[in-house]
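To start, the structure itself, in structure tokens.
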Amino acid sequence: MTVIGTGYLGAVHAACMAEIGHDVLGVDVDVEKVTALREGRPPFYEPGLDDILIQALASGRLRFTTSLREAALHGEVHFICVGTPQQAGSRAADLRYVDAVVDGLAPHLPASCLVAGKSTVPVGTTARLTARLARLTPAGVRAEVAWNPEFLREGFAVEDTLRPDRLVAGVTSRAADETLRRVYAPMLAAGVPYISTDPNTAELVKVAANSFLATKISFVNAMAEVCDAAGADVVTLADALGHDSRIGRRFLHAGVGFGGGCLPKDIRAFTARAQELGVGPAVAFLDQVDEINKRQRDRTVALARRLLGGDAAGRRVTVLGATFKPNSDDVRDSPALAVAAALHRLGAEVRVHDPEGTANARRAHPELHHTSDLLTACRHTELVLHLTEWGEYREVDPAKLAGVVREPVLIDGRNALAHDEWRAAGWTVKALGRPS
Ligand code: UGA
């Protein structure tokens, strides 16, 4: 098989497919990425990926190339794992990379094969690509397109790929279904649910899942706003809600909101696609989900400003965490960096600390001070904002940190630190949705 696109999704998929015994060729247009992967160096931080990558390379079952022609000759199954970012100036998904894979692969395909998309795409993409592929493949070659969405979470990507909650296959033929069942045979043998359906449904499962998760987060963040107005506690509220097994506690963590390369752009692309389909009103609530989410960033900035006495200009503040979530170096649409940049625009001198994301954060926001040394980040600061809940922040000794800052004032934007301990060490602690 081939795995085309070796970003967060593709690199993990390629290594895991080799791990379960397939002969995998990973493909990327980025020469630097391919070079790093060939040397067993993941081009991004993902726990466990380095080990599995090195093992797969050593087994001889995993190779990398930049050539789509070589890929066409290698694969019986071609997995498309390229990005589908938000289009500039629109809410819709930008499908140019997916299209480029099909265009580059098709003319070289020597025999019938399966092209299985894993990227998150608007419903209807499989049908569109089927027609595109049919126009471009050599006479006599029949390539089928299927959609097999991926549900992995960054930070748990290897685990989620090897032991997924479910597999979804959107196929138009029994042969395609059998091919995908063969690919995932070890998972099926381990009892992973396998849902075989049509491509439209498979494409929709993915966007519906991410929309539901985003809605759950914005729901609890909306409750946090009400808690602030009413003097109630959103964490206790979420705990109590979560005991109802129909609701569940997961994805009810209130705070600065969701970011990353998936949830924000997926809900926007979904609303854009629904409008094209004439069912915009059916998912109009996702605009609210997006608005509530953005508001948590603004509310965090406003809280910081209040704690600084109404004016951030010239004030020194520290943001703990740059990545959109812990255990990742991904800073795409990071709430932490959005808040840091907003405080900088208000004139604050902002230092950003992150254990793994400093290089990416610096590239995205060169106007901020970045460091991977916690004490340097906090020295003489007047306000600490905890905005990405890395495990190491829970290990911090609040008394020790109180000794290096100018003012021991903390905003816990993830509701993940032990507030009682911080208060006992002399800190003023504030959080969205919590009574002070
Ligand atoms: C998300 C989905 O969870 C995956 O299932 C999906 O495969 C992936 O998108 C994708 O489409 O590729 P991911 O973006 O890695 O995965 O991150 P999540 O764990 O979903 O977190 C997203 C954001 O929500 C983070 O910024 C996180 O801090 C925030 N979040 C999460 C909350 O603010 N509260 C919560 O309770 C949970």
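Rule-based calculations on the coordinates, nothing more; no lab input. Values in this document were obtained by computation on a predicted structure and should not be read as measured data. Backbone-built Cβ (ideal geometry, glycine too); neighbour counts: all protein chains shown.
Details
- Whole-Hz Karplus values for region 83-88 come out as x, 10, x, 6, 5, 5 Hz, taken residue by residue from phi with 6.51 cos²θ - 1.76 cosθ + 1.60 and θ = phi - 60°; glycine and proline positions read x.
- Semi-axes of the equivalent ellipsoid for region 235-436, Cα gyration tensor, largest first, Å: 30, 20, 15
- Residues with amide H under 5 Å from that of Val115, placed H, sequence gap 5 or more: His78, Glu144, Val145, Ala146
- Charge dipole (the chain, unit charges on Cβ, about Cα centre) - positive-most of Cys81, Asn293, His243: Asn293
- Reported to the nearest whole Å, the Cα centre-to-centre distance from region 237-279 to region 64-86 is 31.
- Whole-angstrom Cα spans of region 305-380 along principal axes, big to small: 34, 25, 19
- Descending by average beta-carbon neighbour count within 10 Å, the peptides 11-24, 205-218 line up as 11-24, 205-218, the highest first.
- Linear extension gain, Glu276 paired with Lys400, 0.36 nm per residue minus alpha-carbon span: 39.0 nm
- Computed from backbone phi with θ = phi - 60° and the Karplus coefficients 6.51, -1.76 and 1.60, the 3J(HN,Hα) list for region 143-149 is 9, 9, 9, 10, 10, 9, x Hz; x is used for glycine and proline.
- Farthest positive-ward along region 2-197 dipole, Cα basis, beta-carbon charges - from His22, Pro43, Leu133: Leu133
- The alpha carbon convex hull volume per residue for region 2-197 rounds to 116 Å³.
- Of the Cα atoms belonging to the chain, the radius of gyration and Dmax stand at 23.3, 75 Å.
- Phi-derived couplings, Karplus 6.51 cos²θ - 1.76 cosθ + 1.60 at θ = phi - 60°, listed residue by residue for region 179-190: 4, 5, 4, 5, 4, 9, 3, x, 5, 4, 5, 7 Hz, with x used for Gly and Pro.
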